[in-house]
Amino acid sequence: MTDLFAPLQSLKRGDWFKLICGASFQHLPAVRSLTLAYTLAGADCIDVAADPAVIAAAQAGLLVAKSLAKDAQKRGFDYKGNSPFLMVSLNDGEDPHFRKAEFNPTECPTNCLRPCERICPAQAIVFNSTKEDFSGVVSEKCYGCGRCIPICPYDIIYTNSYMSTPGAIAPLVMSTGVDAVEIHTKVGRLAEFEQLWQAISPWADQLKLLAISCPDGEGMTDYLRAIYDLIAPLKSALIWQTDGRSMSGDIGDGTTIAAVKLGQKVLAAKLPGYVQLAGGTNSYTVAKLKAMGLLKEAEGQGTGGRGEKFSPLLPAPCPLSSISGVAYGSYARVLLSPILEQLENKEVSNTNVKANLRLEEDEVLLWQAVELAHSLVSQIKSQQEH
């Protein structure tokens, strides 16, 4: 029997793993494949764009994962058929997670070396694509990292930002089985946050989890306390996501330091809820946390870190000195990109209709993807293995 609240147990143990597909990432085949691979590898939460088609793609991946639970166990993966929480992201103002790069390819000189194409981690910039006969930014693949903007020698790349529409999102949450919501905010936007929260609060009780994502800034801990005063009391669990260096985890080991430092700052604030790292997280993050003694030890399992027992239905405060989990975005996606690229280039022909192969339809690629995903998930999960 599966446990609907198993992900909350991971938060309490301190081995929570979240996959961030991207608040702007709308490439449906990739969302489906990433969800499938990371679910089979043991992820606790899949964070996707608040878009009905993207939510449906993630749910399709979750459904396939459930059907492959026994196969995963035979292959040595500790997946028991528990579905990770499905989370959608909202924003209360301008935010790099909620934007897309754009440019007019006709303005790009033919002799340009196109550094933008090489630097894009999502392969969202293409020129004379043979598949679509297209040049420019493939909008559904772009997740707004912005790396292409400063590198363009002709300064023709720009971004378009967009705002969440809570009124449109509410019916989705009520009807599509979304478990969690993450609100992206910034220091100084309390009025905007309150406006968004008022729109969400009528259906917030249906959520299993609420996450607040905030980058560092002067007065950040006071700002987070003010947010807590606004949203309390909560029926759901609460995560403070420390956004160290947004969408930079695939760049190198230096990016994880900002995420860890911000995590320490929020831990020191002793806010009710759990603290989870994001923004610059990669393969170095868990090792850094272990070296600094910031992960909970296995013997603390089943408690909130001070010896108390908590109901899986209620939020529990994280241990004062412990990070409860790590979220991985660009690093997790780039890790699987060679597999997803192979999959995208394979086509299955059915009568006169051609379609891309689904990950589960290629057994070799499927388990290669799960193995790669597990290499990342197991870093934090191994904390609790005996």
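For region 199-247, the solvent-accessible area of protein heavy atoms averages 40 Å² per residue (probe radius 1.4 Å; ligands and nucleic acids excluded).
Share of carbon and sulfur in the accessible area of region 200-243 stands at 46%, probe radius 1.4 Å. What pairs from Lys12/Lys74; Lys80/Lys290; Lys186/Lys270 go past 22 Å between their alpha carbons? Correct reply: Lys12/Lys74; Lys80/Lys290. Placing pseudo-labels 7 Å out from each Cα toward the beta carbon at Ile149 and Thr106 gives an inter-label distance of 2.5 nm.
Bridging of Lys346 to lysines at a Cα separation below 23 Å is possible for Lys131, Lys141, Lys354, once same-chain residues fewer than 8 apart are set aside. Protein heavy-atom accessible surface, 1.4 Å probe, per residue over region 1-57: 24 Å². Label positions at Lys235 and Leu63, each projected 7 Å from the Cα along the C-beta direction, are separated by 2.7 nm.
The values are calculated or read from the model by the stated rules, or taken from the named source; none is laboratory data. Computed from a predicted model, the values in this text were never measured in an experiment. Heads up, the Cβs are rebuilt from the backbone with ideal geometry, glycines too, and the neighbour counts pull from every protein chain shown. Surface accessibility is based on the protein's heavy atoms, side chains included, excluding ligands, DNA and RNA. Shrake-Rupley method; radii C 1.70, N 1.55, O 1.52, S 1.80 Å.
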